[in-house]
Amino acid sequence: MKTVLMVAEKPSLAQSIAKILSRGNMSSHKGLNGACSVHKYTGTFAGQPVHFKMTSVCGHVMTLDFLGKYNKWDKVDPAELFSQAPTEKKEANPKLNMVKFLQVEGRGCDYVVLWLDCDKEGENICFEVLDAVLPVMNNAHNGEKTVFRARFSSITDTDICNAMTRLSEPDHNEALSVDARQELDLRIGCAFTRFQTKYFQGKYGDLDSSLISFGPCQTPTLGFCVERHDKIQSFKPETYWVLQAKVHTDKEESLLLDWDRVRVFDREIAQMFLNMTKLEKEAWVEATSRKEKAKQRPLALNTVEMLRVASSALGMGPQHAMQIAERLYTQGYISYPRTETTHYPENFDLKGSLRQQANHPYWADSVKQLLAEGINRPRKGHDAGDHPPITPMKSATEAELGGDAWRLYEYITRHFIATVSHDCKYLQSTISFRIGPEHFTCMGKTVISPGFTEIMPWQSVPLEESLPTCQKGDTFTVGEVKMLEKQTSPPDYLTEAELITLMEKHGIGTDASIPVHINNICQRNYVTVESGRRLKPTNLGIVLVHGYYKIDAELVLPTIRSAVEKQLNLIAQGKADYHQVLGHTLDIFKRKFHYFVDSIAGMDELMEVSFSPLAATGKPLSRCGKCHRFMKYIQAKPSRLHCSHCDETYTLPQNGTIKLYKELRCPLDDFELVLWSSGSRGKSYPLCPYCYNHPPFRDMKKGMGCNECTHPTCQHSLSMLGIGQCVECENGVLVLDPTSGPKWKVACNTCNVVAHCFENAHRVRVSADTCNTCEAALLDVDFNKAKSPLPGNETQHTGCIFCDPVFQELVELKHAASCHPMHRE
């Protein structure tokens, strides 16, 4: 029998799809990479019995990167990245061995069915999978078609089975548009980022960002936030005055009336109007009206609206909300969450989706009533030609989902029920009054039929007191007329929801990438998320945007990126040439880059006002080996040491604490050593600032501490403190941390394995002798007599931490699985 390989985008999706297609009659085993499972069953394909193998990838198989030296910031002029620097596709996650895994599973298969997500990224992954499996599959006979694409929008029996019967081909043009976007973002982003990061971090010490990044989408996103900040800063409040009248009804109730002139900005004129009305005793009814109005039910839900509501109403950041939505989709609770469409196709089974909710404890009554009375056809929205709107596919309870997943699911479900409900109808009553020569109005609303607001109560028409029944010519007693002084107020900082709206309006990013761009400007310390999920730009974000405006406004305005997005969409539609779009866009940005470099002094002038030069930043910590003066430790990201006398800056390990290491010096260059630590339960190691930046030996790389230094005699080096090969990774060595006593630690110098050992020992040394069994270095351990855990109250013991039964009881491994007989916490 022939074999059909089927590949989904995630392991959980592969399992769900295989379970549906095999009707649960399948066998499963883990693949060679340990991350993806393989599900096998038999069935029919193209009218013949076949073996099916269903497996998955974990997102993108490949990623685009520069070759060799072009990845090294110090060796290449960033300008070369626009055209001269060659790129290559590398495995996105080398540890997964995804290409090898796909080739093992694809070898000897006759057909491949691609079940990747049905969007442009999914189409791109299709061709990454094909590049891996086609060379090892059996050759096709007589031009037989062997590659198929399944298109689906939800993980339901109906949708999956329908997709299997209507297989098509992967779309190469859509995949090319993703390739183009990846290459543009890589070349443009890296060139600008490398230049401005090196330039500004070499001059200023308190930027508090490890990367001064630029992105063709990220920077306009930041631009929107700074534009709003500038409006707030330049806002000048103006004083204005309003008249407010109160009249009494027959029922001894009072009505507040709104002035038809709304407001005036001249106090004397407002006072004149007050004088003309305040002595009047009666308010005359000039006109009354009662109109039936409707508040429309919402359009069907797309990604951008879901993200807006998640941020503004549920308090979830866009990226977090998207991750939850993807999880709900893979578990079969909702349809595909990445869609621009707000219009249900004519053949969509709305009643079927609604019936799923008929027994839900929260909205069963509303659903049953809709099914009994007949659903209302959803409003006609926008059909982007991708996926149907986001729809609940099966019922779920709060206990089942919990936390944010339930809150998002509940909103999606209520929104869906609302789209097939009736509009909210209410009666709007208006009474127009005249007090003296001035006109005032009073309005009231009375709900006739709540419609969709029953299921979305937060959208309901606010309850207002019903107005008294009256007619033209009636009079009411004037209680008072007063003048109120008010001030115009500035706009507030952009909320995430408002930013998402602006990005969608200007074509910045896609429904899938918008959350990523917003997350990036937060991670880079360009904006902070304030209460109400408002985005307040930092000093660094403000100066960068103002600098771009000063040098080349198009770098930050949305216009140029919006034009590029349109070109990428044309590639996806087969209406534009991939190479021409790529070449033309890169040529534009290359010219802009050269102009930016030549004009950087303009941005630098703004930086000087907001940030301190390196020499004036930080606090003295350790001595320079060249001039023997104190170097300053700059704690703001990226943390580094700066010698103002030599005008040299030395990078340090990040995400930990740095302190002086006993005033000890490196034997090679006389620099004082510093100690990096990730915390009391984590790793720590000494390092020489000069060696860390300028490796002294050929077998060392930049960024290595003393725990990787191969100096043969230095007491801090790997040669003197190394014990044996790491129990988890291939290249690491377990090294004694000499600073960790009395809670001693042994840590890998490559991965995150840490072994806590010999608590309360007052001395631990690495012996020159090695273990006869595993060749690891032996340890000499001295305990205090009162606290010795050694048998027979012994205070000294020499042994191997891997093989010695006495030591095995005194060692616990953290962070990683062990292949040695160590104990884990």
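The values are calculated or read from the model by the stated rules, or taken from the named source; none is laboratory data. Predicted model only: the values in this text are computed from it and were never measured. Cβ: placed from backbone, ideal geometry, glycine included. Neighbour counts: every protein chain shown. The accessibility values were calculated without ligands, DNA or RNA, using every heavy atom of the protein model including side chains. Shrake-Rupley method; radii C 1.70, N 1.55, O 1.52, S 1.80 Å.
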- Task: Could you list which residues have their amide H under 5 Å from that of Cys726, counting only those 5 or more apart in sequence or on another chain, with H placed in the peptide plane?
- Result: Gly732, Val733, Leu734
- Query: Once the Cα atoms of helix 120-133 and of the chain are each reduced to a long axis, what angle between those two axes, in degrees from 0 to 90 to the nearest 10, is obtained?
  - Reply: 30 degrees
- Task: Determine which lysines satisfy two conditions relative to Lys89: a Cα distance under 16 Å, and not lying fewer than 8 residues away in the same chain.
- Result: Lys69, Lys100
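Using packing as a proxy for protection, rank 187-197, 171-181 so that the peptide with the highest average count of other Cβ atoms within 10 Å comes first.
Numbers: 187-197: 22.1, 171-181: 20.5.
Ranking, from highest mean packing down: 187-197, 171-181.
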- Message: I want to verify the translational diffusion coefficient of the stretch 157-245 in µm²/s; compute it with Stokes-Einstein, Rh as the Kirkwood radius over Cα pairs, at 4 °C and 1.567 mPa s.
- Response: 69 µm²/s
- Note on the structure: Cα extents of the stretch 362-421 along the principal axes, largest first, in whole Å, come to 34, 31, 14
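On the protein heavy atoms, probe 1.4 angstrom, tell me the percent of accessible surface of the chain carried by carbon and sulfur. Walk me through the numbers before you get to the answer.
On the way: 18340 of 39000 Å².
Here it works out to 47 percent.
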- Message: If you fit an axis through the alpha-carbon atoms of helix 11-22 and take the longest principal axis of the Cα set of the chain, what angle between them do you get, 0 to 90°, nearest 10?
- Response: 70 degrees
- Task: Evaluate the charge dipole of the stretch 379-435 about its Cα centre and quote only its size in Debye, nearest 20, assuming +1 on the Cβ of each Lys and Arg and -1 on the Cβ of each Asp and Glu.
- Result: 440 debye
- Task: State the extension gain, in nm to one decimal, for the chain segment bounded by Leu570 and Arg681, taking 0.36 nm per residue of separation less the distance between their alpha-carbons.
- Result: 34.6 nm
- Kirkwood Rh, angstrom, the stretch 204-310 [1 / mean 1/r, Cα pairs]: 21.1 Å
- Message: Compute the angle between helix 364-373 and the longest alpha-carbon principal axis of the chain, please, reported from 0 to 90 degrees and rounded to the nearest 10.
- Response: 50 degrees
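Among Lys394/Lys505; Lys637/Lys662; Lys394/Lys566; Lys90/Lys626, which pairs are too far apart, with a Cα-Cα distance over 30 Å? Intermediate values should be presented prior to the final figure.
Values: Lys394/Lys505 33 Å; Lys637/Lys662 25 Å; Lys394/Lys566 37 Å; Lys90/Lys626 41 Å.
Pairs exceeding the cut-off: Lys394/Lys505; Lys394/Lys566; Lys90/Lys626.
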- Item | Charge dipole magnitude, Cβ of K and R +1, D and E -1 - the stretch 704-787, Cα centre, debye nearest 20 | 420 debye
- Query: Which of the listed residues, Ala786, Ser311, Pro86, is farthest toward the dipole's positive end in the chain, when Lys, Arg count +1 and Asp, Glu count -1 at the beta-carbon?
  - Reply: Ala786
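Take peptides 493-499, 381-387 and line them up by average Cβ neighbours within 10 Å, highest first, as a rough protection proxy. Write out the running numbers ahead of the final one.
Working: 493-499: 22.6, 381-387: 14.9.
Per-residue mean Cβ counts within 10 Å order the peptides as 493-499, 381-387.
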- Message: Among 300-307, 338-345, how do they line up by average Cβ neighbours within 10 Å per residue, starting with the highest?
- Response: 300-307, 338-345
- Item | Thr770 long-range amide H proximity, modeled H, under 5 Å | Leu778
- Between the DSSP loop rule and a limit of at most 16 other Cβ atoms within 10 Å, which trypsin sites (Lys or Arg not before Pro) in the stretch 20-83 are left? Arg23, Lys72, Lys75
- Note on the structure: Farthest towards the positive end of the dipole of the chain, among Phe452, Thr330, Leu557 and with Cβ unit charges of +1 on Lys and Arg and -1 on Asp and Glu, lies the Cα of Thr330
- Note on the structure: Over 28 Å (Cα to Cα) among Lys203/Lys659; Lys75/Lys659; Lys659/Lys787; Lys53/Lys575; Lys701/Lys743 -> Lys75/Lys659; Lys659/Lys787; Lys53/Lys575; Lys701/Lys743
- Please pull out the direction-averaged projected area of the stretch 556-604, using the convex hull of its alpha-carbon atoms, in nm² to one decimal place. 3.7 nm²
- Task: Post the alpha-carbon centroid distance, the stretch 107-163 to the stretch 450-500, in whole angstrom.
- Result: 56 Å
- Message: Using DSSP to call loops (not H, G, I, E or B), can you name the trypsin sites (Lys or Arg not before Pro) in the stretch 461-544 whose Cβ has at most 12 other Cβ atoms within 10 angstrom?
- Response: Lys472
- Message: Suppose each label sits 7 Å from its Cα in the direction of the beta carbon; what would the Ala79-Glu169 distance come out to in nanometres?
- Response: 4.5 nm
- Query: Pulled fully out, how much extra length does the chain show between Val806 and Leu279, if you take 0.36 nm times their separation in residues and subtract their Cα-Cα distance?
  - Reply: 179.7 nm
- Task: Just read off the accessible area of His141 with the full protein assembly in place, 1.4 Å probe, to the nearest 10 Å².
- Result: 120 Å²
- Gyration tensor (Cα) of the stretch 644-698, equivalent ellipsoid semi-axes in angstrom: 20, 13, 12
- Item | Length-normalised contact order of the stretch 111-184 in % [C-alpha pairs under 8 Å, at least 6 apart] | 43 percent
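Tell me, what is the percent relative contact order of the chain, built from C-alpha pairs under 8 Å that lie six or more residues apart?
Details: 1619 pairs, mean separation 85.7, N = 825.
In percent, rounded to a whole number, it is 10.
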- Among Ser12, Gly189, His248, which residue has its Cα positioned farthest towards the positive end of the charge dipole of the chain, with +1 placed on the Cβ of Lys and Arg, -1 on the Cβ of Asp and Glu, and the dipole taken about the Cα centre? Ser12
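In units of 2.2 N^0.38 Å, what is the alpha-carbon radius of gyration of the chain?
On the way: Rg = 34.4 Å, N = 825, 2.2 N^0.38 = 28.2 Å.
Ratio of Cα Rg to 2.2 N^0.38 Å: 1.22.
Helix-only estimate, please: 222 nm mean residue ellipticity of the chain, summing -39500 (n - 2.57) across DSSP H runs of length 4 or more and dividing by its residues, to the nearest 500. Could you put the intermediate results ahead of the total?
Working: 22 runs with 256 residues, N = 825.
Taken over the chain, the calculation gives -9500 deg cm²/dmol.
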- Query: Can you list, bin by bin at 10 Å, the percent of alpha carbon pairs in the stretch 103-252, starting at 0?
  - Reply: 9, 19, 19, 14, 14, 11, 8, 4, 2, 0
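Quote the relative contact order of the stretch 571-672 in percent (integer), defining contacts as alpha-carbon pairs under 8 Å separated by 6+ residues.
Details: 99 pairs, mean separation 18.4, N = 102.
Relative contact order comes out at 18 percent.
To the nearest 20 debye, what charge dipole does the stretch 1-140 have about its Cα centre, counting +1 at the Cβ of each Lys and Arg and -1 at the Cβ of each Asp and Glu? Walk me through the numbers before you get to the answer.
Details: 16 positive and 15 negative charges, 149 e Å.
My answer is approximately 720 debye.
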- Message: Can you return the aspartates and glutamates within cross-link range of Lys632? Criterion is Cα-Cα under 19 Å, with same-chain partners fewer than 8 residues away left out.
- Response: Asp206, Asp208, Asp647, Glu648, Glu663, Asp669, Asp670, Glu672
- Percent of Cα pairs exceeding the 23 Å cut-off, where the set is the stretch 37-159: 45 percent
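For Arg107 and Cys58, what does the FRET efficiency come to when R0 = 22 Å and r is the distance between their Cβ atoms, rounded to the nearest 0.05? Intermediate results must be reported in sequence, preceding the final value.
Details: r = 20 Å, r/R0 = 0.92.
Between Arg107 and Cys58 the formula returns 0.60.
How much length is gained on full extension from Asp349 to Gln715, taking 0.36 nm per residue of separation minus their Cα-Cα distance?
On the way: separation 366, 0.36 × 366 = 131.76 nm, distance 7.38 nm.
The Asp349-Gln715 span can extend by a further 124.4 nm.
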